[in-house]
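These notes concern the structure reproduced below.
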Amino acid sequence: MTKKVSVLFLILFFLCSNRAFAHASLKESTPKEGEVIAQPIQEVTLIFETKVEQTSKITVLNSNGESIPLGNFVIEDDEMWATFLQPLENGDYKVNWTVIGGDGHPIDGHFSFTVNGPMDEASSKETTQVKEKEVITPLKQDSEQNKMQSYIIPLTIGVLLIIVIGSYLWLMKRKK
């Protein structure tokens, strides 16, 4: 009987534990990781798995590592977005984000995207001249986010729980 209850408890624990230990991981973004955008972009939007605190922030860097100035920056529940003062020029960009989720844990991460929109003839000539004069290092495409895997905490607690329950059952059997 105790084995059945223990197994049922463990199954319920693993089914429900993902939400209980959920951190503010990135659920969706616009633009998406690795996306190549063919039109001018005016804002970046991030949606998280849980509500994020007002102290959260976004920074956008170009391929030279220079920060892009942001206009409006808004945080509402699980979503935050920022507008750009002017449309982004063609090139590679990296979005760094730092949030404090509803559970109080700070989480940070990043994703990259590329703007490759149509250019007018005058700016095309200027860009060609600039590229001939300097070497621009491409932005490293990082798809991995700096966060702990979501299954590690529940797995660790589950293993500890199995050890505790097993020890308890072993001691009870030994007393008889």
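The values are calculated or read from the model by the stated rules, or taken from the named source; none is laboratory data. The structure presented is a predicted model; accordingly, all values stated were derived computationally and were not measured. Backbone-built Cβ (ideal geometry, glycine too); neighbour counts: all protein chains shown.
What the table shows:
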{"read-out": "Some residue of region 101-111 being touching an Asp or Glu at 6+ places or on another chain (Cβ under 7 Å), closer than 25 Å to residue 60 by Cα and modelled with pLDDT of 85 or more", "value": "yes"}
{"read-out": "Matching residues in region 98-120 - criterion: being out of contact with any Pro (no Cβ under 9 Å at 6 or more places or on another chain) and assigned to a loop (DSSP other than H, G, I, E, B)", "value": "102, 103, 104, 105, 116, 118, 119, 120"}
{"read-out": "Matching residues, region 49-60, being in a strand (DSSP E or B) and either hydroxyl-bearing (Ser, Thr, Tyr) or modelled with pLDDT of 90 or more (or both)", "value": "57, 58, 59, 60"}
{"read-out": "Tally, over region 33-53, of residues that are among the hydrophobic types (A, V, I, L, M, F, W, C) and under 13 Å from the mean Cα position of the chain (by Cα)", "value": "4"}
{"read-out": "Some residue of region 135-149 being at pLDDT 50 or above and aliphatic (A, V, I, L, M)", "value": "no"}
